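Step one of this worksheet: look at the structure below.
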């Protein structure tokens, strides 16, 4: 008996040693010792993208290692979507944007499972995978997006011919190679899916990157943009100006144009209004929450996105399951920076909840999103968002907005943004 | 056996006193280390690194003098210091938040930011 007591004191003593380095964590340790000296619970995170990795790291940090974190990810490498349009422009390669998962595991004691989720048993708090299962106290689903092929079914099996390149990887390289193979005077045909979709300014940035490449190497070529939306959905004035001033006569922008049919062989698309052909097609399908969210049944908003509390990011339909990143139903843009912000609000709330404390009732965070208009010039949209307790959503605070014009200075800031967010998320 | 109880009691005394010290600290100095401020501060990481340890030349917020931090943010907020993007962030924050962020970052240790190494994309990746 005394031995047990002695061991408990030793463990408590270790807790104090850790806490004395960071006094603010002492309360956490006191709370932990009441329950279990080693861990106060396990959080399982599905998805190792910007959101999932950030949640993993910050739960470990803010719980002083007292919450066990398990990440399930099927890919063995992280490929950044931000900056991946530069692969099309030619100033980056896909290998510049590819990283391993080793440092976040090693530096923060995150348990890693390389596997694919097959089922989620919310009643018994279990995640089932191809090669096993794991129990959770709280589950975070950070599944990213999935593509909806119901209106364009033939595109699902012809991605080699017509890539979306909307998840950075080999499709990005494929699209670049198609542009390299296109003749001078060819037509690059790209669409913008109806909002909401991942990265609102992304398709327009892509137009700039392709235009930058074509202007330098194939100046007789054209770009046709079929936008399902009534107007450019982000940084409208800036993109319009850039197309006119930097790439005059090259970009043919057509709003309110939803693609209804694609003939892969002839590279021809039909919309409600017209039939258009191109030499290189980049069709970006409409999007919904990724598969794990579908498996958990948390995609309750039109069977597309996941409704959550913006205080805890807990699903409004399944308790103890939180959803973060592009998969959530939100009035905010689906950006990598916002995904990391949601991840940290969620991480902080979970730490507080597991210590039987109250999460921050009014979170505030900032979003900065850069778009490259050439190989070295960029422009931003930046906004602080503040929780509105009446509307129960995040609302843009005063002062947000976009650049006056793109610049090399902001291009450098955009590169620094990437370096810092990669450092924060991946190490 | 008596020896172990003695150690236990000593440890208990230490724990109690440190807990008391922590309470005193939390009531005076550690207002900035609340969930509200730690998450707000962490949203700066995309440009200023983890806990303000920036890489790539952006302002290093970790260990920055709190008076200097506050003065710069207020200057961004009222426009007296020109900026490309920081005025947008400063205007969205209230003075209390700026003061608490200043306190939070001034207390972060300066450590070299980790830089993940880029690698070749494997053939089997999506």
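Couple of notes before you dig in:
- Ranked A:304, A:357, criterion: other C-beta atoms within 10 Å, fewest first: A:357, A:304
- Segment A:313-387-segment B:74-104 distance, computed between alpha-carbon centres (Å): 20 Å
- Sorted largest first, the spans of the alpha carbon positions of the protein assembly as shown along the three principal axes are 91, 58, 45 Å.
- Ascending count of other beta-carbon atoms within 10 Å, so fewest first, for A:190, A:46: A:190, A:46
- Rounded FRET efficiency, nearest 0.05, which uses the C-beta distance separating residue A:130 from residue A:398 and R0 of 60 Å: 0.75
- DSSP-defined beta bridges in the protein assembly as shown - what % are antiparallel, rounded to 5: 55 percent
- Average Cα contact separation per residue, segment A:29-171, under 8 Å, 6 or more apart, as relative contact order %: 26 percent
- Sites residue B:124 and residue A:107 - FRET efficiency at Förster radius 22 Å, r taken between beta-carbons, to 0.05: 0.25
- Extending 7 Å from Cα along the Cβ direction at residue A:391 and again at residue A:157 yields two label points whose distance is 4.6 nm.
- Once the Cβ-Cβ distance of residue A:277 and residue A:244 is raised to the sixth power relative to R0 = 22 Å, the FRET efficiency obtained is 0.35.
- Computed lengthening from residue A:194 to residue A:412, 0.36 nm per intervening residue step minus Cα-Cα distance: 75.4 nm
- Inter-probe distance in nm under a simple model that places probes 7 Å from Cα toward Cβ, at residue A:150 and residue B:109: 5.3 nm
- Within a Gaussian network of chain A (alpha carbon springs, distance under 10 Å), most fluctuating of A:285, A:255, A:406: A:255
- Compared with the rule-of-thumb size 2.2 N^0.38 Å for a compact globular protein, segment A:321-427 has a Cα radius of gyration ratio of 1.21.
- Going from the fewest other Cβ atoms within 10 Å to the most, the residues A:235, A:222, A:128, B:122 appear in the order B:122, A:128, A:222, A:235.
- Based on C-alpha pairs under 8 angstrom that are at least 6 apart in sequence, chain A has a relative contact order of 17 percent.
- Per-residue [θ]222 nm for the protein assembly as shown (sum of -39500 (n - 2.57) over DSSP H runs n ≥ 4, rounded to 500): -12000 deg cm²/dmol
None of the figures in this text is laboratory data; all of them are computed from the coordinates on show. Every value quoted in this text rests on a predicted model; they were computed, and no experiment measured them. Please note: Cβ atoms are built from the backbone with ideal geometry, for glycine as well, and neighbour counts cover all protein chains shown.
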